[in-house]
Structure formats: C-alpha cells, structure tokens
C-alpha cells in the first residue's frame, strides 16, 4: 500500500505543485481545499493519471470548533485512503492590511487562518500518527520569509508566520519522542502568472536582493518539502528552512 500524504491549501499555487510532486513520488494524496471545487477535481484527476489514489476534502479552518474539523479531515483521509504518514500544512491567509486601518478584528482573522488552524492540525495529525506503524512520520509546515523580515502592510501575516516558525521548534520537541518529525519551510517570493505585471516594483526589488536574481517557482518549494518529508531527511526536525534563492542572506548594503 502506498503511503498517504495530506496536503492542506492544496488548490493554492504552492499547494498544486505539492500535489504533483508527491503524486509523482508515488504517494496517494488527500487534498484539503476551502473553495474552487473545480480545480480540486482537476488535481484529483491529475493524481489518478499518475496511477495514484486521491480524494478532495472541503474544509474551512476559520471555524470556532477547528479541533473537531481537523480531526474529521484526518479521519476522512484514513478511512478513504490510509492514515497519512506525511502531513503538509500549506493553508494560510495572506491579508495585506495598512497599519492605519489594522484593528483587533483583523488581527483575530489572520490569527484564526494561520497559527490557530496550524496548531490544531499539528495536534490532530500527531494524535493519529502515534498509532501509525510507519517509520517516517512527518509534519511539514509552510512558514514564510516574512516570518524573518516583514514587508510593509503585512504586519499580522508576518507576525503569525514568525509564531509558526516558533511552533515548529516547540512541536518538534513535544513530538520527537513519538517518532514524529516537525519541519518548517519558509518560501520566498513565488512566481505566478501575472506577478510581475501586478507588482513590478516588488519583483524588481526581490530580484535585486535574491542571490539567484529571480522569484522561486512553486515546484522549487514543493521539491524542498518533498525532501524534508522523505526518509533521506530523517535527521532534520525542529527547524524552519528558508527556500528563498538567497534573499535572506542578502548583506543589506
């Protein structure tokens, strides 16, 4: 039986690349999405064309009883495929909010859709993984380079991503005795269709600061996630790795 991977935020730019990478690596895929059922269906078909099984689970983590929802997503995955040995948490809000209009309600919104949901999913996944007979149980969390240095108008998002990086540290030591690794990946600017025309000054600034002189591709992020989730990375846990083309190594002068 193939190992199962659960991917949250699977219809996002990085999420789609994650689905393709893990399916190509021979995994069955449970993909969580919040909207865009048509795209989720296309992703399922793409996985099946590679000879692997796939299911889509619609779930909105911005609910009060997020613990029960996370448990239901894990249970559905186990019932329809198998208990996942790899869980990739890529779902996240990314609000852009000017400081002058930032209020407590907006902070609550970004909290609920970032660290609150991530922490609940880590807990639910770890409970199920404790009963796995798999030798490689891994939770990979998508942070952000904004958790290292925030951009203007991104204060709540950057703050919550920094908290997620710290959550990776804490969870790794909580779950290590159970044979579960927890690893973070902090993507840099990821290219998408229309990015340069939508944000020309931002892309130009990024290209100047990044050692490779360009944005990352979603496939490059997915490749890094697939590596840290593999048995080849069995010694890696409790860290968040920037995958940013050298942006965070920029000397600043």
*In what order do 49, 129 fall by count of nearby beta-carbon atoms within 10 Å, going from fewest to most?*
49, 129
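In deg cm²/dmol and to the nearest 500, what is the mean residue ellipticity at 222 nm of the chain if only DSSP H runs of at least 4 residues count, each as -39500 (n - 2.57), divided by the residue total? If you can, show how the numbers build up before the last one.
Details: 9 runs with 107 residues, N = 253.
Estimated from H runs of four or more residues: -13000 deg cm²/dmol.
Subtracting the Cα-Cα distance from 0.36 nm times the residue separation, let me have the gained length for residue 75 to residue 239 in nm, one decimal.
Values: separation 164, 0.36 × 164 = 59.04 nm, distance 2.78 nm.
Taking residue 75 through residue 239 to full extension adds about 56.3 nm, to one decimal.
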*Added length on full extension, which subtracts the Cα-Cα distance from 0.36 nm per residue, residue 68 to residue 48*: 4.3 nm
*Among 163, 30, 222, which one shows the biggest mean-square fluctuation in a GNM of the chain, springs joining Cα atoms closer than 10 Å?*
163
*Inter-site label distance for residue 95 and residue 151 at 7 Å from Cα along Cβ, in nm*: 1.7
*Which length gain, in nm to one decimal place, applies between residue 109 and residue 227 when the Cα-Cα distance is subtracted from 0.36 nm times their residue separation?*
39.3 nm
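Could you work out the relative contact order of the chain? I mean the mean sequence separation of Cα pairs under 8 Å and 6+ apart, divided by the number of residues, in percent. Mind showing how you got there, number by number?
Working: 470 pairs, mean separation 46.2, N = 253.
It comes to 18 percent, rounded to a whole number.
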*At a Förster radius of 41 Å, what calculated FRET efficiency corresponds to the Cβ-Cβ distance of residue 60 and residue 249, to the nearest 0.05?*
0.65
_Starting from a Cα-only point model with no solvent, please compute log10 I(q)/I(0) by Debye for region 1-102 at q = 0.10, 0.11, 0.24 1/Å._
-0.28, -0.33, -1.30
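Mind pulling up the Rg/Rh value for the chain? Radius of gyration and Kirkwood radius, both on Cα. Walk me through the intermediate numbers first.
Values: Rg = 17.6 Å, Rh = 18.4 Å.
Computed over Cα atoms, the ratio is 0.95.
None of the figures in this text is laboratory data; all of them are computed from the coordinates on show. Note that the coordinates shown come from a computational prediction; the quantities given were computed from them, not determined experimentally. For neighbour counting, all protein chains shown are included, and Cβ atoms are generated from backbone atoms with ideal geometry for every residue, glycine included.
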